[in-house]
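Okay, so here's the structure we're looking at.
Readers should treat all values here as calculations from the given coordinates under stated rules, not as data from a laboratory. Keep in mind that what you see is a predicted model, and the values were worked out from it rather than measured. Using ideal geometry, Cβ is built from the backbone for each residue, glycine included, and neighbour counts are taken over all protein chains shown.
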Amino acid sequence: MTTTAERKYINIRKRLDQLGYRLTLTLECLPLVEKLLRDLVHTTESLQQSKLSTVKAEKESSNFDFVLEPYKLENARLSRENNELYLELMIQREYSNQHIKELKTTLKKCARETADLKFLNDQYVHKLRLLEKESRAKNEKIQKLQEKNLHAVAQTPGGKKRSIAFTRQHMQIDEPVPPSE
């Protein structure tokens, strides 16, 4: 054995003994054991670093929780307020729908009343025309009767006839008429 190989062997043996591996070590296995030992040391160091990173991350996480706490409280308050507003909106929507329904019912009622009043108005207009026609006929009949009664009647250029008041003779009665026998 050369001195470098012996030194390597002694160093690796010490390290294996420190780690608790007391099994026999042959020179043929030395390169493999050396590589495995390096991997073990590297893995152990990585594990320790990972543990440190985890501890550091947990500390930062607790700091984040501390920083996030006001936001969580604000979020809870806003969520509660949002739910209350949504409930109020639903109540207002229900009230609005009910009010619209009532207004539609009132509108239909008013439309029916309007139709009834128009029908009644048409009937009254028809009745009025009939009465006007009847009145004209009666006026003409009165004029004819007045003409027969020898009252003065004047006819205007439009074709209408009007009765003219004329002076009547006045009679003065001095004594009553004697009773007839």
Under 17 Å between alpha carbons, and skipping anything fewer than 8 positions from Lys8 in its own chain: which lysines qualify? Lys35
Rounded to the nearest 20 Debye, what is the dipole magnitude of the chain about its Cα centre when Lys and Arg each give +1 and Asp and Glu each give -1 at the C-beta? 800
To the nearest 0.05, what FRET efficiency results for Lys8 and Gln49 with a Förster distance of 30 Å applied to their C-beta separation? 0.65
Projecting the Cα atoms of Thr105, His126, Leu73 onto the charge dipole of the chain, where Lys and Arg contribute +1 and Asp and Glu -1 at Cβ, the residue farthest towards the positive end is His126
So what is the relative contact order for the chain, in percent, with contacts set as C-alpha pairs under 8 Å and at least six apart? 6
How much length, in nm to one decimal, is gained on full extension between Asp174 and Thr156, taken as 0.36 nm per residue of separation minus their Cα-Cα distance? 2.3 nm
Lysines near Lys141 by alpha-carbon distance under 19 Å, same-chain residues fewer than 8 away left out - which ones? Lys133, Lys160, Lys161
The list (i) 139, 20, 14; (ii) 45, 23, 14; (iii) 26, 23, 14 gives values of semi-axes √(5λ) of the Cα gyration tensor in Å, and only one came from this structure; which label was calculated from it? (i)
Assign unit charges at the C-beta atoms only (+1 for Lys and Arg, -1 for Asp and Glu), then state the dipole size of segment 25-116 relative to its Cα centre in Debye, rounded to the nearest 20. 520
Reachable aspartates and glutamates from Lys108, Cα under 15 Å, same-chain residues fewer than 8 places away excluded? Asp116
Can you compute the FRET efficiency between Arg112 and Glu132 using 1/(1 + (r/R0)^6), with r the Cβ-Cβ distance and R0 = 35 Å? Round to the nearest 0.05. 0.70
What angle do you read, to the nearest 10 degrees and between 0 and 90, between the alpha-carbon axis of helix 3-19 and the longest principal axis of the chain? 50
Using r as the Cβ-Cβ distance of Phe66 and Lys35, and R0 as 45 Å, what FRET efficiency do you calculate, to the nearest 0.05? 0.45
